[in-house]
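The values are calculated or read from the model by the stated rules, or taken from the named source; none is laboratory data. Predicted model only: the values in this text are computed from it and were never measured. Positions of Cβ are generated from backbone atoms using ideal geometry, with glycine treated the same way; all protein chains shown enter the neighbour counts. Heads up: the accessible areas ignore ligands, DNA and RNA and are worked out on the full protein's heavy atoms, side chains in. Shrake-Rupley method; radii C 1.70, N 1.55, O 1.52, S 1.80 Å.
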Amino acid sequence: MNITLDKKSATDGLIKIQLSATDYQPKVDEKLKDYARKANIKGFRQGKVPTGVIKKMFGKSILVEEVNHIVSHSVSDFIRDQKLRILGDPMPDQEKGLAIDWDNQKDFEFEFQIGLVEDFQIDLSKKVTINAHKIEVDQTVMDETLEDLKTRFGNTTNPEISEADSNLYGDITAPGASESKGSFIAISKVAKKEQKKFIGLKKEDVVDFEIEKAFEDKKAIVQALNITEEEAVNVKGTYTFKVTSISKVEPASINQELFDKVFGKDVVKSEEEFIEKVKSTISENYDRETDHLLDHEIQHYYVENTKINMPDNFLKTWLINSSNGQVTDEILEKEFHTYKESLKWDLIKNKITEEKEIKVESDEVREKAKQFIMDQFGGPAIAAQLGDKLDDIANNYLSGQDGKGENFMKIYNQLRHERILKVIKEAITVNEKKVSLDEFKKVVAEHQH
């Protein structure tokens, strides 16, 4: 057997394989004899079928199977042994394959097109500076959160007549529509000049209002009309609202009852502890948001600033050929840039994993799965109740219902990803920049664009 690589360019190559009879015939003959021993053919005793009969009946299929087996393994081994960094899968020359005369040929030649990636450099140094936008928990956020908690855990009543702090439930009808749908209107969210229309209403009362005048906040429109934020942009006209019920929330007092409802019995025992616990909880949530954005900023930076020469033409052909008709030229034109960036990030992560010898062990995956299960079912207390059964539950979860271990790979990839990001953050300069919540939202919006 002769196998060679013909590099057409830095990113495109052709693997050529030449097979002669000595490469495949011994295995073919062995399989023919095995068939002869096991075959149950009418007119012959089992194990006494002449090899010539077996060859006539099954010889071609055995030959095709053995040659394909040798070729596929040889291509994989060659790529591994030559340490070729390829994208996608090797694409066989279909025309050459169809031209083979399996009845008469003794020598075979196969060609596989491959997409190559040259070696590249990743700058993991302090020269790389990326901002981490840390959200400050200011007094405005604290005030809003405390008001929300007092409302959420407050006492709900159902007054007969609506007031400025009431909530209205009912049916709303769009201009020209014959059918209505359920709606919720918090009168406090209605524009000040329009609130008087909604105050003093009773059950079954009907009110007409201009939607664009009644609500200045798009989220209030979304809530009132049961539509998406995108749909809320274009709504206008006079809507009709029929009241079906009225509610009012009496805000909870800041006392031990509220502390217990929010954080659990006796976790905090004073207003000072409660305020501090609320603040630390907000900070933890904000820190997760900060880390999440930082991870995206890191990915964006390295995808944009790491030079990798990629086999675009090969990738486009491979995507279409391997998609079973799902990827059209139109879809490819629209999505290829995003797909290429994702591939590029994978290449960068793989190289960091190799160079920094990042590993994830099976035991670590199992422990992460157990932690996930405990979090789902109430924390560490569940571990004591389950005892050794927790291991069995974790193993079943990792195996998955189909036994393919998709959950195992999901957690494995998560741990691997976290360790890669940790290596990057330790190597570069992360510049912590304190921002307000509104400023953070603007940064996120800019990042998405």
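Near residue 42, which lysines are there with a Cα under 30 Å away, not counting those fewer than 8 places off in the same chain?
Counting by Cα, and skipping residues close in sequence, residue 42 has these lysines nearby: 27, 31, 33, 55, 56, 60.
For segment 26-183, build the charge dipole from Cβ charges (+1 Lys, Arg; -1 Asp, Glu) around the Cα centre, then report which of 145, 70, 168 sits farthest towards its positive end.
The listed residue farthest towards the positive side: 70.
Give the Kirkwood hydrodynamic radius (Å, one decimal) of segment 287-413, defined as one over the mean of 1/r across all pairs of different Cα atoms. Don't jump to the answer; show the numbers that get you there.
Details: mean 1/r = 0.0548 Å⁻¹.
The answer is 18.2 Å.
Using the Karplus equation 6.51 cos²θ - 1.76 cosθ + 1.60 (θ = phi - 60°), what ³J(HN,Hα) coupling, rounded to whole Hz, does each residue of segment 233-247 give in order, writing x for Gly and Pro?
Here the 3J(HN,Hα) series is 5, 9, 6, 6, x, 8, 9, 10, 10, 10, 6, 10, 7, 10, 9 Hz.
On the protein heavy atoms, probe 1.4 angstrom, tell me the percent of accessible surface of segment 120-270 carried by carbon and sulfur. Don't jump to the answer; show the numbers that get you there.
On the way: 4190 of 9020 Å².
Carbon with sulfur: 46 percent of the solvent-accessible area.
Convert each backbone phi in segment 348-362 into a coupling constant with the Karplus relation 6.51 cos²θ - 1.76 cosθ + 1.60 (shift: θ = phi - 60°), then list the ³J(HN,Hα) values in order as whole Hz, x for Gly and Pro.
Here the 3J(HN,Hα) series is 5, 5, 4, 5, 5, 4, 5, 5, 9, 6, 6, 10, 10, 8, 4 Hz.
Find the percent of Cα-Cα distances in the chain that exceed 33 Å, and round it to a whole number.
Details: 65698 of 100576 pairs.
I get 65 percent for the Cα pairs in the chain exceeding 33 Å.
Would you mind working out the magnitude of the charge dipole of segment 281-420 relative to its Cα centre, with +1 at each Lys and Arg C-beta and -1 at each Asp and Glu C-beta, to the nearest 20 Debye? Before the final figure, lay out the partial values.
Values: 18 positive and 28 negative charges, 63 e Å.
It comes to approximately 300 debye.
Report, in listed order, any pair from 307/349; 134/269; 192/261 with a Cα-Cα distance greater than 25 Å.
Numbers: 307/349 14 Å; 134/269 29 Å; 192/261 33 Å.
Violating the 25 Å limit, Cα to Cα: 134/269; 192/261.
Order of 114-125, 356-367 by packing, highest average Cβ count within 10 Å first? Present the calculation step by step, with values, prior to reporting the outcome.
Working: 114-125: 15.3, 356-367: 13.4.
Top to bottom by mean Cβ count within 10 Å: 114-125, 356-367.
If contacts are Cα pairs under 8 angstrom and at least 6 residues apart, what is the relative contact order of segment 1-70 in percent?
Rounded, it is 24 percent for segment 1-70.
Amide H to amide H under 5 Å from residue 131: which residues, 5+ apart in sequence or cross-chain, H placed 1.01 Å off N in plane?
431
From the phi of every residue in segment 318-324, what ³J(HN,Hα) in whole Hz does the Karplus formula 6.51 cos²θ - 1.76 cosθ + 1.60 yield, where θ is phi - 60° and glycine or proline is x?
Running phi through 6.51 cos²θ - 1.76 cosθ + 1.60 with θ = phi - 60° gives 5, 4, 5, 5, 9, 9, 6 Hz.
For residue 12, what residues show an amide H to amide H distance below 5 Å, using hydrogens built from the backbone and excluding near sequence neighbours?
Long-range HN contacts for residue 12: 116.
Which whole-percent values make up P(r) of segment 51-96 when all C-alpha to C-alpha distances are grouped in 5 Å steps starting at zero?
5, 16, 18, 20, 14, 10, 8, 5, 3, 0
Which number do you get for Rg(Cα) / (2.2 N^0.38 Å) in segment 1-146? Write down the numbers at each step before the final one.
Details: Rg = 28.1 Å, N = 146, 2.2 N^0.38 = 14.6 Å.
Normalised Cα radius of gyration, segment 1-146: 1.92.
Summing Lys, Arg as +1 and Asp, Glu as -1, what charge do residues with Cβ under 9 Å from the Cβ of residue 110 carry, residue 110 excluded? Intermediate values should be presented prior to the final figure.
Numbers: positive: 16, 96; negative: 93, 109, 111.
So the surrounding residues net to -1.
May I ask you to give the percent of accessible area on segment 1-47 that is carbon plus sulfur, with a probe radius of 1.4 Å?
Values: 1500 of 3110 Å².
Result for segment 1-47: 48 percent of the exposed heavy-atom area is carbon or sulfur.
At 1.4 Å probe radius, can you tell me the per residue accessible area of the chain in Å²? Write out the running numbers ahead of the final one.
Details: 28350 Å² over 449 residues.
Dividing the accessible area of the chain by its residue count gives 63 Å².
Would you please classify the overall shape of segment 156-196 from the alpha carbon gyration tensor, given that a ≥ b ≥ c denote the square roots of the eigenvalues, rounded means a/c under 1.5, and beyond that prolate means a/b larger than b/c while oblate covers the rest?
It comes out oblate by the Cα gyration axes.
Restricting the calculation to Cα positions, tell me the Rg (one decimal) and the Dmax (whole number) of segment 14-99 in Å.
17.1, 55
List the trypsin sites (Lys or Arg not before Pro) within segment 154-229 that fall in a DSSP loop (any state other than H, G, I, E or B) and whose Cβ has at most 11 other Cβ atoms within 10 Å. Show your work: numbers first, answer last.
Working: sites: 181, 189, 192, 193, 196, 197, 202, 203, 213, 218, 219; in loops: 202, 203.
Passing both the DSSP loop test and the Cβ count: 202.
Please report the spacing between the Cα centers of segment 65-144 and segment 23-41 in Å, no decimals.
Measuring centre to centre over Cα atoms gives 36 Å.
Using a/c under 1.5 as the rounded threshold, could you call segment 177-232 rounded, prolate or oblate? The axes a ≥ b ≥ c are square roots of the C-alpha gyration tensor eigenvalues, and prolate needs a/b larger than b/c, oblate otherwise. Walk me through the numbers on the way to the answer.
Values: a/c = 1.89, a/b = 1.17, b/c = 1.62.
Taking the square roots of the gyration eigenvalues as a ≥ b ≥ c, segment 177-232 is oblate.
If you take the square roots of the eigenvalues of the alpha-carbon gyration tensor of segment 214-324 and sort them as a ≥ b ≥ c, do you get rounded (a/c under 1.5), prolate (a/b over b/c) or oblate? Please report the intermediate quantities before stating the final value.
On the way: a/c = 3.39, a/b = 1.44, b/c = 2.35.
Oblate, because a/c is 1.5 or more while a/b does not exceed b/c.
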